[in-house]
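The values are calculated or read from the model by the stated rules, or taken from the named source; none is laboratory data. For clarity, every value in this text was computed on a predicted model and none was experimentally measured. Here the Cβ is made from the backbone with ideal geometry for all residues, glycine too, and neighbour counts use every protein chain on show. Note: areas computed on protein heavy atoms with side chains; ligands, DNA, RNA excluded. Shrake-Rupley method; radii C 1.70, N 1.55, O 1.52, S 1.80 Å.
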Amino acid sequence: MATAHDLGQPLMTPLTPLAVADPGGLIQSVDWVAVAPPLIAALAALAVLVTDLFLPPARKRLLGLLSAAGLLAALATLIPLAVGDTRSTFCFKSGGCSYTADHFALAFQLLALGGALLTVLLSLHTVEDEKLPGGEYWFLLLSSACGAALLPAARDLATLVIALEVATLPAFALVALRRDGRGAESALKFFLSSVTATAVMLLGVSFVYAAAGTIQLQGIADGLAHAPAQLKPLAEAGAVLTLVGFAFKTAAVPFHFWVPDTYVGAPLPVAGYLSVVGKAAGLSGLALVTTVAFRPYGHTWGLVLAVLAALTMTVGNAAALRQRTDTPHGAVRLLAWSSVGQAGYLLVPLAAAGYAGSAEPLGATVAYALIYGLVNLGAFGAVALVGGSGRLDGFRGLAGRNRWAAFALAFFLLCLAGLPPGVVGLFGKVVVFRAAVDAGLGWLAVVMAVNVVVALAYYLKWTALLFAPAETEPGSGSEPASGSAPAPEAAGPRRVPASLTAALGLAACGAVVLSVAPQLVLQVVSGSLF
């Protein structure tokens, strides 16, 4: 039998080197300052989880204070990023980065971390009163806030999807922590609908990757602009399917059906968190994939978002208008449907960006999101302060029982309605309206104007209840109105926890400051976000 040596061949062939030509090029330094906001939130979540193992039950309240301290530290790291130049990290030699801390990212990180901090203050007494597991609650809340802070800085589809799921998955468990039966049902509905939306979105992401050949957002835009004609239907289908997942997170119609039941079944601070931080996470992702990745298809997704905006604000306001004052949890349901209507307003500048062919109209979305987040969490704080069954009738005569709470809630409602003295809410709606008009979406501006007028009805109705005469208790010498029962919330004053007072005070002071000096937040409308 002939051997290799007999055939004149060498006994061993040289192996092809497996190492890359420049192995050092695969190693890069991480810009820890740029990634500090979500990183500190993640470290705080781990610290809370570990600390919970060693704290006795009587001192579990310290976990909430530790969570607040972690979020304050994360917010503090935004300051050096805001005053410096745009910073990017996790970059590739071929160009593009996976994480960018620009003005767009910082604005949404401020909303996510600030909203989470207010939620912590709202939750301190809720965790104790409802006997929720403190360690799990704070860990899940901080983990979700970490994902919400990471998402607006993501610049590739993989990071976007991971951040979105990190923000969403802990929210399922937060909703289910309430042990009264409603929490589990609401969490299941939330989970099933969210998983379906995520599956559709991942299918769209795979289509987009197949058509563009990259997951980098800027690279996708370049790839779609030069994609072969036979791949264009695949790319367009992928873009539409990708938008579904983010539309679900923003509670846009017809992906809104989970909102009312989930908000009612969740602990009240969690409902407020979902209405602000959860919506901000979905909105930032939607803005990135449309204005950056799918820029070549601007007129297509611009029209889709315009129709979604019109449907969302109309359905949300119509459903909120139908809420009865004697329905249990009516206040939370009204705020839930109101948040759906507000999501429609937030989508208007995104649609305008598609028609304008630039990201300039996004400033209106960012400004309105910051305003909405502050006053909406304040409204949830006022509902938590009143307590009781959550019926709108329970707020009747609140001014006589707690004057400052009534004034604060009235101010928040007027801000949401866009009426003085809630001047900041009025300016927010004006910049959104202007974005639609400047982009040539006159019909959408008309739909928005009609919906703003419709929303006045239920906002003013609730505000009027705060200053209406309180219902008379049975046996007091006069009968209550026919068909109405005395509100149990009006039975007497209740002790207000200091943390709840602090949350309500911070939200109210912030709304007042922005109403006096709206340029503090509206300046993002004229600046460059990317």
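Report the Stokes-Einstein translational diffusion coefficient (µm² s⁻¹, integer) for region 101-208, Rh taken as the Kirkwood radius over Cα pairs, at 4 °C with viscosity 1.567 mPa s.
Once the numbers are plugged in, D ends up at 86 µm²/s.
Using only Cα atoms, locate the centre of region 357-374 and the centre of region 234-300, then give the distance between them in Å, rounded to an integer.
15 Å
Label L520 and R61 with points 7 Å out from Cα along Cα→Cβ: what is the distance between them in nm?
It is 3.0 nm.
Which ³J(HN,Hα) values in Hz, rounded to whole numbers, follow from the phi angles of region 246-263 under the Karplus curve 6.51 cos²θ - 1.76 cosθ + 1.60, where θ = phi - 60° and Gly and Pro get x?
6, 5, 4, 5, 7, 6, 7, 5, x, 9, 9, 5, 7, 5, x, 5, 5, 5
Report T119's accessible area, 1.4 Å probe, all protein chains in place, as a number in Å² to the nearest 10.
0 Å²
Once you charge only the Cβ atoms, +1 for Lys and Arg and -1 for Asp and Glu, what is the size of the charge dipole of the chain about its Cα centre, to the nearest 20 debye?
Rounded to the nearest 20 debye, it is 920 debye.
With the other protein chains left in place, how much accessible area per residue, in square angstrom, belongs to region 197-294 at a 1.4 angstrom probe?
On a per-residue basis, region 197-294 sits at 28 Å².
Would region 147-222 count as rounded, prolate or oblate if I go by the C-alpha gyration tensor, calling it rounded below 1.5 in a/c and otherwise prolate when a/b exceeds b/c, oblate otherwise?
Oblate.
Once ligands and nucleic acids are excluded and a 1.4 Å probe is used, how much of L234 is accessible, expressed in Å² to the nearest 10?
50 Å²
Taking all protein chains as present, what is the carbon and sulfur share of the accessible area of region 212-344, in % to the nearest whole number, probe 1.4 Å?
The computed percentage sits at 66.
Under 37 °C and 0.692 mPa s, how fast does the chain diffuse according to Stokes-Einstein, given a Kirkwood radius computed over C-alpha pairs? Answer in µm²/s, whole number.
Using the Kirkwood radius from Cα pairs, D works out to 136 µm²/s.
Provide, for q = 0.14, 0.21 Å⁻¹, the log10 of I(q)/I(0) from a solvent-free Debye sum over equal Cα point scatterers in region 222-298.
Taking Cα atoms of region 222-298 as identical point scatterers yields -0.55, -0.90.
Compare E130, E360, E165 by solvent-accessible area with a 1.4 Å probe and give them largest first, with all protein chains kept in place.
Correct descending sequence by accessible area is E360, E130, E165.
At 1.4 Å probe radius, can you tell me the per residue accessible area of region 36-142 in Å²?
Accessible area per residue: 43 Å².
When only C-alpha pairs under 8 Å and at least 6 residues apart count, what is the relative contact order of the chain, in percent?
Reported as a whole number, the value is 13 percent.
Could you report region 383-448's accessible area per residue, 1.4 Å probe, as an integer in Å²?
Each residue of region 383-448 exposes 37 Å² on average to a 1.4 Å probe.
Which whole-number percentage describes the relative contact order of region 140-291, with Cα contacts under 8 Å and a sequence gap of 6 or more?
Normalised by residue count, the contact order of region 140-291 is 30 percent.
Exceeding 32 Å between C-alpha atoms, which entries from my cross-link table qualify? They are K60/K279; K232/K429; K60/K461; K131/K279.
K232/K429; K60/K461, as the Cα separations exceed 32 Å there.
Select from L151, A225, P133 the residue farthest towards the positive end of the dipole of the chain; place +1 on Cβ of Lys and Arg, -1 on Cβ of Asp and Glu, and compute about the Cα centre.
Going by the Cα projections, it comes out as P133.
For region 306-341, list residues with backbone N below 14 Å from a point placed 7 Å from the Cα of W443 toward its Cβ?
306-311
Take the alpha-carbon positions of region 338-384, form their convex hull, and give its projected area averaged over all directions (one quarter of the hull surface) in nm².
Spelled out: convex hull of the Cα atoms, projected over all directions, averaged, 3.1 nm².
For Cα pairs less than 8 Å apart in space and 6+ apart in sequence, what is the mean separation divided by the residue count of region 79-170, i.e. the relative contact order in percent?
28 percent
Can you order the peptides 50-59, 148-157 by their average number of other Cβ atoms within 10 Å per residue, highest first?
Per-residue Cβ counts within 10 Å, averaged per peptide and sorted highest first, yield 148-157, 50-59.
If you line up the long axis of helix 403-417 against the longest principal axis of the chain, both from Cα atoms, how many degrees apart are they, to the nearest 10?
In the chain, helix 403-417 runs at an angle near 50 degrees to the longest axis.
Grab the Cα-Cα distance for V33 and E165, subtract it from 0.36 nm times how many residues apart they are, and report the gain in nm with one decimal.
Answer, rounded to one decimal: 45.1 nm.
Rounded to the nearest 500, what is the 222 nm mean residue ellipticity of the chain from helices alone, with -39500 (n - 2.57) per DSSP H run of 4+ residues and division by all residues?
-21500 deg cm²/dmol
Could you calculate the contour length gain from T86 to L321, that is, 0.36 nm times the residue separation minus the distance between their Cα atoms, to one decimal place in nm?
Extra length available between T86 and L321 comes to 80.2 nm.
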